[in-house]
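Encoded as structure tokens, the structure appears first; notes follow it.
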Amino acid sequence: MNKKKQLGQQKSDADLKRRGAKIGDQLRRIYEEVAKEEVPDEFLKLLEEADKKKSSMPSASDE
Amino acid sequence: MTDDRNKLDDATFKKELTTLIPHLRAFARSLCRDASLADDLAQDAMLKAWNARDSFLAGTNMKAWAFTILRNAFYSEKRRSWRRQPLDPEVAEATLVSNSNPSDALELLALRNALALLPVDQKEALILVGAGGMAYEEAAEICGCAVGTIKSRVSRARKAVIEILESNSTGYNSDSGMSADKAFDDIMKQADEIARAPTS
């Protein structure tokens, strides 16, 4: 009976591992789905603007 | 200034920060489910990173550094309301439509919903390590806690997600499922009361 219980435990451990791995795959897909999207122009525009603002500042050092 | 050796020039910094934008967006999206709020957060983090560029040390991990900034922005007082995002049916639908395999998409949606039910510290640990492919050490640095803490959060989060997915065979839209059940119960109760009410 103890053995049976142990077997059951082993089985569910393997099962848990399998499910865990599957969830890991899916998590990566959720993340990558967004990471693969083209970056909206707004981001680059904002960064450009911030960069320009900096270089037009009088305190900007040697450029 | 010897410090200058450890600093990137602005052009290099900008180039490297630009390559991180997709990651900032992905991390932000997993923290707040609403896509436009997430982009708002990612933009904010990007600009904060740019403004803090002097404090970045060349040769260190810029991704972890930028993620820390994003995370701080997320937790800032201003964003308190962002942390509890109810399931937005439009977002759910968009997820379904964007994927070619419907049963696959349903599974991903179920996982997203399960993630939303996790405490935010567990969720971010699982996202950084499980989805973003960060090392435990990097995730610990970003979250400002011990490596062991991250490990245990990831493991608890994984277990919880498996349990949530299992306890909810459809896994889909558990919140409205629950309220639909409750609504049904309420209606039955009312019907019962009406039936029992003395007619005279």
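The values are calculated or read from the model by the stated rules, or taken from the named source; none is laboratory data. Fair warning: this is a prediction, and the values are worked out from it, not measured in the lab. Every residue, glycine among them, receives a Cβ derived from its backbone with ideal geometry; neighbour counts consider all protein chains shown. Heavy atoms of the whole protein, side chains included, go into the accessibility calculation; ligands, DNA and RNA do not. Shrake-Rupley method; radii C 1.70, N 1.55, O 1.52, S 1.80 Å.
Can you confirm whether segment B:80-88 contains a residue that is modelled with pLDDT of 90 or more, in a helix (DSSP H, G or I) and open to solvent by 10 Å² or more (accessible area, probe 1.4 Å)? No, every residue in segment B:80-88 fails to be modelled with pLDDT of 90 or more, in a helix (DSSP H, G or I) and open to solvent by 10 Å² or more (accessible area, probe 1.4 Å). For segment B:90-100, state whether one or more residues are open to solvent by 50 Å² or more (accessible area, probe 1.4 Å), modelled with pLDDT of 90 or more and away from chain A (no Cβ under 14 Å). Checking segment B:90-100: not a single residue is open to solvent by 50 Å² or more (accessible area, probe 1.4 Å), modelled with pLDDT of 90 or more and away from chain A (no Cβ under 14 Å). If you check B:Ser55, B:Ser76 for being surrounded by fewer than 17 Cβ atoms within 10 Å (Cβ to Cβ), out of contact with any Ser or Thr (no Cβ under 6 Å at 6 or more places or on another chain), more than 14 Å from chain A (Cβ to nearest Cβ) and modelled with pLDDT under 90, only one passes: B:Ser76. If you check A:Glu38 against the conditions, is it more than 30 Å from B:Ala160 (Cβ to Cβ), open to solvent by 80 Å² or more (accessible area, probe 1.4 Å), at pLDDT 80 or above and not in a helix (DSSP H, G or I)? So A:Glu38 fits the description; yes.
If you go through segment A:13-32, how many residues are of a type in the set (A, V, I, L, M) and open to solvent by less than 20 Å² (accessible area, probe 1.4 Å)? Residues flagged as of a type in the set (A, V, I, L, M) and open to solvent by less than 20 Å² (accessible area, probe 1.4 Å) within segment A:13-32 amount to 3. Within segment B:138-149, the set of residues being open to solvent by less than 50 Å² (accessible area, probe 1.4 Å) and assigned to a loop (DSSP other than H, G, I, E, B) comprises just one member, B:Cys145. The set of residues from segment B:110-137 being crowded, with 20+ Cβ neighbours inside 10 Å, in a helix (DSSP H, G or I) and more than 10 Å from chain A (Cβ to nearest Cβ) comprises B:Asn113, B:Gln122, B:Lys123, B:Glu124, B:Ala125.
Test of understanding: among A:Ala50, A:Ala21, which residue is out of contact with any Lys or Arg (no Cβ under 8 Å at 6 or more places or on another chain), within 9 Å of another protein chain (Cβ to nearest Cβ) and either modelled with pLDDT under 90 or in a helix (DSSP H, G or I) (or both)?
The conditions single out A:Ala50.
Within segment B:12-29, the set of residues being more than 8 Å from chain A (Cβ to nearest Cβ) and out of contact with any Asp or Glu (no Cβ under 9 Å at 6 or more places or on another chain) comprises B:Thr12, B:Phe13, B:Lys15, B:Glu16, B:Thr19, B:Leu20, B:Leu24. A Cβ distance below 6 Å, combined with a sequence gap of six or more or placement on separate chains, defines the contacts here; from segment B:114-128, residues that are farther than 11 Å from B:Arg153 by Cβ reach residues that are at pLDDT 90 or above and surrounded by 23 or more Cβ atoms within 10 Å (Cβ to Cβ) in the pairs B:Ala114/B:Val161.
Among the residues in segment B:6-16, are any farther than 18 Å from B:Leu115 by Cβ, in contact (Cβ under 8 Å) with a residue 12 or more places away in the chain and hydrophobic (A, V, I, L, M, F, W, C)? The answer is yes, given that some residue of segment B:6-16 is farther than 18 Å from B:Leu115 by Cβ, in contact (Cβ under 8 Å) with a residue 12 or more places away in the chain and hydrophobic (A, V, I, L, M, F, W, C).
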